[in-house]
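Okay, so here's the structure we're looking at.
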Amino acid sequence: MGKEGRITAHQIAAMLGVSQPTVSRALRGDTKVNETTRARIVALANELNYSVDHNALRLRTQQTYSIALVILCRRGENKANINPFYLSLLGCIAASASERGYNLIISFQDSPTNFFANYTGSRQADGLIVIGSGQNVQGWQFFGEYARHNTPMICWGASKEDLISIKSDNVQGAQLAIDHLLQQGCKNIAYIGPTNSEQPQFQDRLTTYMAHMSAKAMQPICPPLPENAVREDQGYAAVQGLIREKTAFDGLFCANDFIALGAMRALEEHDIAIGKDVRVIGFDGIAMGAYAQPPLTTIEQDYVQAGEMLVEALIAVLKGETPSIVPVPVRLLTRGTA
């Protein structure tokens, strides 16, 4: 026994015929440990009421075994109104970090008065993951500048070239959406989304839309969005503008689900039958889309895989390895709007 009669990792290792480092890695959730071996170690540790001495582990390894997760919000945004996509992604990041033995420090940041990235220098975390609104241009600029300090950092959909970034397969998603609208017989498809955003997800979705319109000899329709408005209000205003200008359209490819929900609200106000007179497809796969009337057809991003890839990429950076930044898979969820 160790101090105060406690079982030690060395004793668990001896009982199972493995090394002490293997025991430590298994109990930290290291996926490189064989799953059968890890299960045996965890089962015996639970049976013997053994827990890792995290203070000793931090002193020995000089690691905090914590990850900072920064969620960039729109300036002054009520935290209750944050895009549910980011909250779903947050949950999957938290689960992935926990499985790998890391704690998660969560910070909501929206303006220069609360921008903060020095988690590693202050020994609060080993590295950080940044996700959030592409409308917070100042926030992304701040983290882009901070990357020059060699801070271990992984981002979701960042536009800055000096930030290591993971994103969904936006090109495939846009192709799936537009092909589906064409198969439904749409002849005048409008893109409802940012046309001048620095965020690569919107760039990819718009570029793919424009390429499809050109290939089909169809006129692109890209109504302007009001700046600094929430996404739902942008979708609403864009469709109101199309109706006001008497622009012919029978399909809407919306850059995200919130934009799509706003667009649907405008269609409803004008008694336009959604899914019949005008077909609508969103992008993200947020849960509330399933409860819209009619339920929203959307491109669903793989939240679980996205969370795992973000955490795995950061751990790779911490180890001095090259992270995998392949696109996260997407799929078409066909519902009532298209």
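The values are calculated or read from the model by the stated rules, or taken from the named source; none is laboratory data. Predicted model only: the values in this text are computed from it and were never measured. Reconstructed Cβ throughout: ideal geometry from the backbone, glycine too, with neighbour counts over all protein chains shown. Just the protein is used for accessible areas: all its heavy atoms, side chains included, with ligands, DNA and RNA removed. Shrake-Rupley method; radii C 1.70, N 1.55, O 1.52, S 1.80 Å.
Observations
- Taking Cβ atoms as reference points and 12 Å as the exclusive limit, the residues near ILE41 contribute a net charge of +1, counting Lys and Arg as +1 and Asp and Glu as -1.
- With all protein chains kept in place, the per residue accessible area of the stretch 187-252 amounts to 50 square angstrom at a probe of 1.4 angstrom.
- Alpha carbon centroid spacing (whole Å) that separates the stretch 98-141 from the stretch 273-327: 21
- Mean separation of Cα contacts under 8 Å, 6 or more apart, over the residue count of the stretch 99-220: relative contact order %: 18
- Alpha-carbon Rg with Dmax, taken over the stretch 137-239, Å: 16.2, 52
- Taking the C-alpha atoms only, the angle from helix 170-183 to the longest principal axis of the chain is near 40 degrees.
- Of LYS216/LYS246; LYS32/LYS319; LYS187/LYS246, those spanning more than 18 Å from alpha-carbon to alpha-carbon: LYS216/LYS246
- The sum of -39500 (n - 2.57) across all DSSP H runs of n ≥ 4, divided by the residue count of the chain, sets its helix-only mean residue ellipticity at 222 nm to -12500 deg cm²/dmol.
- Evaluated at q = 0.15 Å⁻¹: base-10 log I(q)/I(0), Debye formula over Cα of the chain: -1.16
- The chain: most fluctuating residue of ARG74, ARG100, ARG28 per GNM, C-alpha cutoff 10 Å: ARG28
- An oblate overall shape is assigned to the stretch 199-278, the ratio a/c of its alpha-carbon gyration tensor axes (a ≥ b ≥ c) being 1.5 or greater and a/b not exceeding b/c.
- Helix 303-318 and the longest principal axis of the C-alpha atoms of the chain enclose an angle of approximately 50°.
- Label-point separation, GLU145 to GLN20 (7 Å along Cα→Cβ), nm: 4.7
- Acute angle (nearest 10 degrees) that the helix 35-47 long axis makes with the longest principal axis of the chain, alpha-carbon atoms: 60
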